[in-house]
């Protein structure tokens, strides 16, 4: 009887051991079934474009079999640093980061490098750290040149004598992209400013004078209101406003409408991102155009880059000369932007499924 009892106990122990082993294996399989884990750090939910970028990244990555830790930092640098630290601690396999301040992540990304976690800078170049593996963005200089050329074409500057009055707005001074946007536009516009065909009535032409902290709609509105009061309240005509993106353009539109400008005398006004509000303004005649950067395209390319990294294959890039973050050239993939206006918005934005007609009406 004693031998039989011992035999039963031994059998139970063996079965229990097997069950524990199976349980452990199932847990690992479940984790692996979810794929490698990617940390995605976005700057804020306050701007529509970052909501779309984050959602597209999550959708594309999960469709490719990755687990995704997507975090938004409410435009607070300390919050973004903390979120990235937590991602590193949780042992993500790679980081995709759209930085709030491109120069503020060096310390936390040194931790990522020590942990052998590759980093892709997403749409905003991260500066002064050798932890950045790759950069994925749209051609930011081209964004500016398209905006500048749109102004040239709309005013027919090569054939008209002018002068035409212009004011200039660009983005946040801590966003490296703003300098590319502004630089591209000014490379197109400066010859006409120097010849006198374009006149910056306020005299504010330097990047530091026309930058808008955090790309703030409210700050852009305040500055436009001040420019109108100081330079255009006496009936001087404002013909065009260069705005590097839509969040600034919306503030500019608010100020102009508040000052009595209507569709009939509204200045040419550029933008970027095709935010829904700006598309509505384009259709209403209170914004002229917006650069369309299809975030679905960028998300798809980032997934391709991550998969190549994870599999040890050659990472797709198409620029190895342009983007120096202070520690050297960062291998980059550039997507090509286009512009949307009242003539082509339907083809670009509606027919492509980016928006529905109801969203922009």
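The values are calculated or read from the model by the stated rules, or taken from the named source; none is laboratory data. Not measured: the values here are computed from a predicted model. FYI the Cβ positions are ideal-geometry reconstructions off the backbone, even for glycines, and counts take in every protein chain you see.
Points to keep in mind about this one:
Residue-by-condition table, conditions (1) closer than 22 Å to residue 247 by Cα; (2) surrounded by fewer than 17 Cβ atoms within 10 Å (Cβ to Cβ):
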| site | (1), (2) |
| --- | --- |
| 294 | yes, no |
| 299 | yes, no |
| 313 | no, yes |
| 326 | no, yes |
| 337 | yes, no |
| 352 | no, yes |
| 359 | yes, yes |
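- Scanning the stretch 194-235 for residues that are touching a residue at least 60 places away in the same chain (Cβ under 8 Å) and over 17 Å from residue 269 (Cβ atoms) turns up just one, 214.
- Of the residues making up the stretch 32-74, those that are assigned to a strand (DSSP E or B) and under 13 Å from residue 306 (Cα atoms) number 6.
- Hits in the stretch 155-193 (condition: in contact (Cβ under 8 Å) with a residue 40 or more places away in the chain, crowded, with 16+ Cβ neighbours inside 10 Å and over 29 Å from residue 76 (Cβ atoms)): 155, 157, 164, 165, 166, 167, 184, 185, 186, 188, 189, 192
- No other residue among 136, 110, 98 is farther than 20 Å from residue 53 by Cβ and either buried (at least 19 other Cβ atoms within 10 Å of the Cβ) or modelled with pLDDT of 95 or more (or both) apart from 110.
- Among the residues listed as 162, 203, 196, the single one being on the phi > 0 side of the Ramachandran plot and modelled with pLDDT under 95: 162
- A single member of 286, 277, 253 is within 20 Å of residue 215 (Cα to Cα) and surrounded by fewer than 19 Cβ atoms within 10 Å (Cβ to Cβ), and it is 277.
- Residue within the stretch 145-154 that is within 30 Å of residue 205 (Cα to Cα), buried (at least 24 other Cβ atoms within 10 Å of the Cβ) and over 21 Å from the mean Cα position of the chain (by Cα) present: yes
- Once the stretch 335-353 is narrowed to residues that are assigned to a loop (DSSP other than H, G, I, E, B) and in contact (Cβ under 8 Å) with a residue 60 or more places away in the chain, the residue that is farthest from the chain's Cα centre (by Cα) is 342.
- So residue 250, is it within 23 Å of residue 172 (Cβ to Cβ), assigned by TED's automatic domain parsing to the domain that holds residue 188, within 28 Å of the chain's Cα centre (by Cα) and assigned to a helix (DSSP H, G or I): yes
- Some residue of the stretch 218-239 being under 20 Å from the mean Cα position of the chain (by Cα) and surrounded by fewer than 21 Cβ atoms within 10 Å (Cβ to Cβ): yes
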